[in-house]
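As structure tokens, the structure follows; a few thoughts come after it.
The values are calculated or read from the model by the stated rules, or taken from the named source; none is laboratory data. Just so it is clear, the structure is predicted and the values come from calculations on it, not from any experiment. So basically every Cβ, Gly included, is an ideal-geometry build from the backbone, and we count neighbours across all protein chains shown.
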Amino acid sequence: MRQVDRLCAERTAINGMETRGRELFGGLWQGERSAWDVLENYIRWVVEFRSLCVRHGLEGRAVEIAAQAAPDVSDVEALKDAAAGVLVVLGKLHVAVGWPEDYLTKAPLAEITADAQAMRPGRSLLNLLVTLLFCVACSLVLYRVFRKSGWL
């Protein structure tokens with residue numbers, strides 16, 4: 001009989017948490033029928049997500065998008081596709097100009113800037129112009145993607 005009383009008390013306690021459960025877990029909360037492993041996974045996700053937000057300074061729109069159950073990532077896919085296209089062109093550019101294969105993708109920006117500043121007209125003017133054109137092309141691609149996404 002004590003066990004029945006304890007189960008009734010637990011059921012009453014769980015039912016009393018209905019509002020709070022919905023606040024915390026949304027549609028995942030099903031009262032005593034909740035899938036406890038699903039709730040535990042959700043809690044782990046929230047803790048990890050919060051940690052990433054703090055570590056990387058994410059806030060505002062980035063958090064809103066990431067917190068959606070099924071966010072629209074078409075802008076990210078468009079950026080990924082554009083980047084892949086730029087990398088193909090960049091590969092051809094490396095071959096044409098004679099740069100190391102990963103010059104603009106792996107070298108620190110400070111090194112690339114120093115190299116560009118050290119170039120002397122006549123000797124490396126072509127390298128400087130090609131680098132400038134590449135930077136302009138990348139900027140245009142990023143501008144279009146950010147403009148379409150509403151970030152600009």
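A few points about this structure:
- Every residue from region 33-67 that is closer than 20 Å to Gly21 by Cβ and at pLDDT below 80: Ala67
- Test: residue in region 58-69 that is under 23 Å from the mean Cα position of the chain (by Cα) and among the polar types (S, T, N, Q): yes
- The set of residues in region 64-82 being in contact (Cβ under 8 Å) with a residue 12 or more places away in the chain and among the hydrophobic types (A, V, I, L, M, F, W, C) consists of Ala66, Ala67, Ala78, Leu79, Ala82.
- Verdict on Val46 being assigned to a helix (DSSP H, G or I), of a type in the set (A, V, I, L, M, F, W, C) and either farther than 30 Å from Lys106 by Cα or in contact with a strand residue (DSSP E or B) (Cβ under 8 Å, 6 or more places away or on another chain) (or both): yes
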